[in-house]
1. Is the range 96-112 home to any residue that is open to solvent by 30 Å² or more (accessible area, probe 1.4 Å), closer than 21 Å to V46 by Cα and in contact with a Gly (Cβ under 7 Å, 6 or more places away or on another chain)?
2. Considering only the range 430-461, state which residues are open to solvent by 10 Å² or more (accessible area, probe 1.4 Å) and in a helix (DSSP H, G or I).
3. List the number of the failed condition for G236; all other conditions in (1) modelled with pLDDT under 95; (2) surrounded by fewer than 16 Cβ atoms within 10 Å (Cβ to Cβ) hold.
4. For the range 535-582, which positions are of a type in the set (K, R), within 26 Å of the chain's Cα centre (by Cα) and surrounded by fewer than 18 Cβ atoms within 10 Å (Cβ to Cβ)?
5. Name the residues in the range 338-394 that are in a loop (DSSP other than H, G, I, E, B), open to solvent by less than 10 Å² (accessible area, probe 1.4 Å) and small (G, A, S), would you?
6. So, in the range 44-75, exactly how many residues are closer than 28 Å to W147 by Cβ, out of contact with any helix residue (DSSP H, G or I) (no Cβ under 9 Å at 6 or more places or on another chain) and in a strand (DSSP E or B)?
7. I'd like the full set of residues that are open to solvent by 20 Å² or more (accessible area, probe 1.4 Å) and not in a helix (DSSP H, G or I), limited to the range 516-534.
8. Does A503 satisfy being closer than 24 Å to W519 by Cα and either open to solvent by 40 Å² or more (accessible area, probe 1.4 Å) or part of a helix (DSSP H, G or I) (or both)?
Amino acid sequence: MIDPMHPRPFLRRDWTSLDGPWSFTLDPAGDHGRPDEPAFADEIIVPFAPETPASGVGATGFVQQCWYQRTLDCEPAVGDERVIVHFGGVDRIADVWVDGHHVGHHVGGYTVFSVDITDHARPGATLVVHAVDDAADLEVPRGKQDWKEVPHAVWYPRTTGIWKTVWLERVPATHVDAVRWTADTGAMTVTMQADIAGPRPEGLRLGVRLSVGSRLLVDDSVAVLGRTVERTFPLGDLGFDDRFTLVWWPAMPTLIDADLSLTAGDARIDTATSYTALRSVEVADGQFKLNGRPYPLRLVLDQGHWPDTGATPPDVDALRRDIELTKALGFNGARKHQKVEDPRYFALADQLGLLTWVEMPSAYRAGPRAAAALLAEWPEIVAAHRNHPSVVAWVPVNESWGVPGCEHDASQRALVCALRDLTDAIDGTRPVSANDGWETSGGAIVGIHDYDQDAATLTERYGEPDAVDRILTGRRADGKTADLDQVPAGGRAVVLSEFGGIALQTDAGSGAAFGTDNWGYDQASSGDDLLARYRSQWAAVHASSALAGACWTQLTDTYQEVNGLLRADRTPKVDLDAMRAATRGR
């Protein structure tokens, strides 16, 4: 069974959380260059960023640099085992020391990294982390993190330093280092690619057991002859029942448990658990298809922030609650916007049955450094999420953020195309929205953002394929070019991937008034007005014969962006049942 608490869902062993109180100090001027220099006079609660109330620091202004320290209750390695510290996310440049020995350096605020501390593991060892995140650097992936001191418009407080779980793992020298799963629903097979780290003793074999509940589907053993083991497993009897019950659908999210074991002769060297699913996605004939069937997308934009904890969820239950509320509102998917969510969110989406889009947090200034940063970090994000059956689309660029001149600048356009093609090269099993919302180029999904509040106008623009083709081969009403290639949709799926964005003028639940400090694309005067607008705009989507889906902005109020269907504390602004009926077109 899937463990929703584990910070690495697809390769689970015993683990020890290092979250909790750490010694801490801010270093905005970069006065400390060595791990023995900071005084560490303060305390922070990891994994919450120092800008958040939950961290216990509540820093304001530009943090720029900070230092962390904690004592490890860690026994020395036994035999040839390795002791690894894993960091879910440190924004943006991290250096790690143990007892004054430099053991790791990592660049990238949205990607996982690990450091081997075997040579220094002992009870009482001192772990130090230095994080650097220059708020003025607009040529690195920032997402919604504001570069101004006070958050404005649709940008939020910054996230500096450790913002995801830190954890410790002990592994044998020879161990399963990574596993990738792909599925073929037509052939009813799953393919495993497992990377084996460390020395390979004679007779090394990888055992694989796949099961659903108490039903054993596969019990196989494969000789390990190189670094990577690849094996394709037929599942079930190929009959009607198995084609129905073994395939993953949002309404019936069947997961296949995987037990992995490395053995040499009679000796068991390593064990780990994983999971996979039988699920396929494709775009064909202008439709998004799930497991070969047309599946209209009813998505919500989800920015994944909480009032006290920022971009970090308060706990796993908060992630589960967001998914449950998303489904209760009638949505079958969420577009995770301008952040890379906690991996446990996607594991819960796999388990509970919610489609997700994964998006690259944007840079804001074009240039060679920006291109290099995006091309380095995005492939790691794709690789980290490609196992999830819930993940059904990739968004490497949003609204030309970081490539504002891509219509006229060949290098910026080339970056969009490179990210698109790189995504296909690393995954190749899901559609890509290359530059979602504006000025796309290629990709199987054409995402269009349109916040016009008149439902009749939305019907006129997106009701029929001919109308959409006119948009794609010309300019939009706002002057933007929807498609740089300026060709009809053809077989691509056209998704109204942002619309709505309506704020309440007066929110009786929180007492907040819509004004200069609050953001929305339009205002509703009451809950009834909001519901009426919601119904009419979704009715335009449901009536369309051209759209493969749509994505409402947004799930929750987020700081000054108050156009959520839910308040920041996750209480609904309008009756959930009424909104669910409108979302589903009932």
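1. Yes, the range 96-112 has at least one match.
2. A455, A456, T457, T459, E460, R461
3. (2)
4. R570, R580
5. G353, S362, A363, S390
6. 4
7. Answer for the range 516-534, where residues must be open to solvent by 20 Å² or more (accessible area, probe 1.4 Å) and not in a helix (DSSP H, G or I): T516, D517, N518, W519, Y521, D522, Q523, S525, S526.
8. So A503 does not fit the description; no.
The values are calculated or read from the model by the stated rules, or taken from the named source; none is laboratory data. Everything numeric here is computed off the predicted structure, so don't read it as measured data. Cβ: placed from backbone, ideal geometry, glycine included. Neighbour counts: every protein chain shown. Side chains are part of the model used for accessible areas, which takes the heavy atoms of the whole protein and leaves out ligands, DNA and RNA. Shrake-Rupley method; radii C 1.70, N 1.55, O 1.52, S 1.80 Å.
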